[in-house]
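A.B. asks: Would you mind keeping the following structure in view while I ask a few things?
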């Protein structure tokens, strides 16, 4: 069963502390499949969630470009997805 966009966003944030390149690569492959199911291939490939996974891999192999503004924008977009889901959950608990 594919994960939701919110679950994929949270995982993309969580993986930023990882140090196992093999695990990150396998996780990215699984996330890519689920994101493609949700958005379609073209939109998934350029989605901020995939950018965060790719940025983490770049970090682990030493090729990360910290000056890329698109990566910063990707982080903000993914955080916004997670925050929106958390706010929705809080509202549901109140209701």
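A.B. asks: Looking at residue 11 and the list (1) within 10 Å of the chain's Cα centre (by Cα); (2) modelled with pLDDT under 95, which single condition is not satisfied?
C.D. replies: (2)
A.B. asks: Could you tell me whether the stretch 62-75 includes any residue that is at pLDDT below 95 and within 18 Å of residue 6 (Cβ to Cβ)?
C.D. replies: yes
A.B. asks: Which helices (runs of 4 or more DSSP H) does the stretch 8-75 wholly contain that include 1 or more residues that are surrounded by fewer than 16 Cβ atoms within 10 Å (Cβ to Cβ) and in contact (Cβ under 8 Å) with a residue 24 or more places away in the chain?
C.D. replies: 21-39, 48-61
The values are calculated or read from the model by the stated rules, or taken from the named source; none is laboratory data. Everything quoted here is computed from the prediction, not taken from an experiment. Every residue, glycine among them, receives a Cβ derived from its backbone with ideal geometry; neighbour counts consider all protein chains shown.
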